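These notes concern the structure reproduced below.
The values are calculated or read from the model by the stated rules, or taken from the named source; none is laboratory data. Keep in mind the model is a prediction, meaning the values are calculated, not measured. Cβ: placed from backbone, ideal geometry, glycine included. Neighbour counts: every protein chain shown.
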Amino acid sequence: MVGSKKSVVTLTEVEIPLPPQFYNSQCEQAIENAAAEHGLLATMKNTLKQFPGSTHWHYKRGNERGTLEITLWPLEQRVWISVHANRRADWIDSAIPTLKEKIERSLYGH
């Protein structure tokens with residue numbers, strides 16, 4: 001096809017809705033517990049300059065390839081899971097919905 005462009009996905013983001021009232025410590029605990037229950041290891045916990053006051057984690061599964069990232073940004077009342085194209089791995093695709101569900105269940109008490 002002449003003039004067609006390939007679409008390249010460089011970043012996948014999955015938003016996790018927060019309850020109207022939440023505590024940062026509650027969100028952090030929900031994220032860390034869900035990851036631990038899924039057998040993930042935090043290889044980094046820091047903040048991101050572009051999201052002041054955020055908490056940002058990098059998670060890996062054992063020695064397998066791939067990095068799953070989770071960011072909590074209380075100022076904007078946001079939590080999201082992200083994966084960069086160059087950090088993708090098969091285990092991440094199945095981990096995202098499970099983590100999302102576990103975090104939501106913890107935050108909403110279901």
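Mind telling me which of the residues GLU76, GLU104 ends up being over 12 Å from the mean Cα position of the chain (by Cα), more than 16 Å from LEU41 (Cα to Cα) and crowded, with 16+ Cβ neighbours inside 10 Å?
On the way: GLU76 fails: crowded, with 16+ Cβ neighbours inside 10 Å.
None of the others qualify; the one that does is GLU104.
Only one of these is at pLDDT 90 or above, farther than 21 Å from THR98 by Cα and not in a strand (DSSP E or B): LEU75, LEU18. Name it.
Exactly one residue qualifies, and that residue is LEU75.
Check off (1) surrounded by 12 or more Cβ atoms within 10 Å (Cβ to Cβ); (2) of a type in the set (Asp, Glu); (3) in a loop (DSSP other than H, G, I, E, B) for ASP93 and give me the number that stays unchecked.
Among (1) surrounded by 12 or more Cβ atoms within 10 Å (Cβ to Cβ); (2) of a type in the set (Asp, Glu); (3) in a loop (DSSP other than H, G, I, E, B), ASP93 violates only (3).
Pick from THR67, THR55, THR43, THR98: which is hydroxyl-bearing (Ser, Thr, Tyr) and loosely packed, with under 12 Cβ neighbours inside 10 Å?
The unique qualifying residue is THR43.
Looking only at segment 36-59, which residues are within 20 Å of GLN77 (Cα to Cα) and small (Gly, Ala, Ser)?
GLY53, SER54
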